[in-house]
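The values are calculated or read from the model by the stated rules, or taken from the named source; none is laboratory data. Keep in mind that what you see is a predicted model, and the values were worked out from it rather than measured. Counting neighbours? That spans all protein chains shown, and the Cβs are built from the backbone with ideal geometry, glycine included. When the accessible area is computed, the model is the full protein with side chains, heavy atoms only, and any ligands, DNA or RNA have been set aside. Shrake-Rupley method; radii C 1.70, N 1.55, O 1.52, S 1.80 Å.
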Amino acid sequence: GQHGSSPVTLQSTMEEAVSSPPAAGGGSGGAPVSTDLASGGSKVLGRHARKNDYFKIGQGAMVKDRSASGPVEDDADGVCTEGSWEKKLWLASLMDQLEDPLGPAVTLSKLFTGNEILLTHWCTPALVNDFARMIRHLGPQPRLINFFEAICSVGEKPVKANQEMILRLLWINEAERRKVLLSVETLSPADVDALVGKTDHPAGAELNAKVRSPSSDRLLPTTKEAREAAIAAKPARDYLGNEVHTKKPPGFDPVFVSWSGADDWKSRKTEDKLFWSAKAMGLQHTLQRTPGGDTLVRIEHFCWVLEPERLCFPILGTRWQVMQEDMKQNPDLAAQYKNQRQLAGFFVGELKLFARLCFGRSYNCINWLQQTFTYTLLISMSDNRYLPYQVRAA
């Protein structure tokens, strides 16, 4: 009734265990508190659990505490100390399941993003290398690249030690970079001409024209007369990106993406290839520096799959509804589209990672990355209306 005793619930039992002070002599004010859950017979231990108590992690085996007797101590911030067996068990259990696609990697990323103590104690070169190994083994999954972004900061506070650790292990190490990351570069019209001339493509002139076709408005979105009048009224001085306007012909050089790919990625014998090759994904209008080398793909042709409703027709010349019908009839075409979309999503995560590496004016990271991501390259991508908005915003 209303005046009777309050019902005993799991929450009230746990709160009582947490709030009750330990008895003299190292006890916990009585027997250690444990409450059987409805499924699996798992037990929840109170804050002052003794070493003789057992509990179950998920569906795993029973685990017994082997630490010294007495209550489990918390530090000043209310988090178990590094020597605490509880923290080691649950975090180690989570790490053991990182390859599971159901969410342990995402959970770990969220935990580290909001907890500086966990981030400091557990984000080590070994953990970074383990995630890099999973990318090589499982392929370019956005949830894995997003982990690197997550450990670069806590809230709005940069963690420079982690930023530079990722830079050292994944970027400066070129051999590792080729295995886990995509590359971005610009090519001048002369470079494009030279590469097209090296290829024995039956439609070399058409390929050259498509590669060099402007992918954005080239210059500021004003009329030619207004632009010329503005330049005549105020002569240009030395400023960032001035070569875009002063070179002949003016405009941004095209941007290309490349990666280490394999035509039969599923049956590869080594983990030195990131994903399927451009040929295996059916990508057109590509270039190659050397026979058998990495394929260069125009960034517009690579990323359109992230916004197919808007970009399918401008890039491929085919209506998205027509292509959807084609994929229903052709499973191979549907698989190619799915693989390309996965790799493009990974590429967006990579761009966000690079931005997070530079977060908080991390100048060591900035000095390395700006050698590839020049000012004009970034402006070209952000100005390119034939790129998905998430790529332009990254």
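Quick check, is Gly292 modelled with pLDDT of 90 or more and over 17 Å from Phe256 (Cβ atoms)? Spell out how you get there, then give the answer.
Values: modelled with pLDDT of 90 or more: no; over 17 Å from Phe256 (Cβ atoms): yes.
Criteria not met by Gly292.
Scanning region 131-157 for residues that are modelled with pLDDT of 90 or more and of a type in the set (Asp, Glu) yields a single hit, Glu149.
Among the residues of region 342-377, what is the count of those that are under 12 Å from the mean Cα position of the chain (by Cα) and open to solvent by 40 Å² or more (accessible area, probe 1.4 Å)? Going through region 342-377 one residue at a time, the tally reaches 4. Please work out if Asp263 is at pLDDT below 95 and surrounded by fewer than 18 Cβ atoms within 10 Å (Cβ to Cβ). It is true that Asp263 is at pLDDT below 95 and surrounded by fewer than 18 Cβ atoms within 10 Å (Cβ to Cβ).
The numbered conditions (1) in contact (Cβ under 8 Å) with a residue 40 or more places away in the chain; (2) open to solvent by 70 Å² or more (accessible area, probe 1.4 Å) are all true for Lys338 except (1). Among helices (runs of 4 or more DSSP H) entirely within region 118-193, having at least 1 residues that are closer than 19 Å to Glu99 by Cβ, open to solvent by 10 Å² or more (accessible area, probe 1.4 Å) and among the small types (Gly, Ala, Ser) singles out 125-138, 142-150.
Collect the residues in region 295-313 that are β-branched (Val, Ile, Thr) and at pLDDT below 95, keeping them in residue-number order. Passing the criteria: Thr295, Val297, Ile299.
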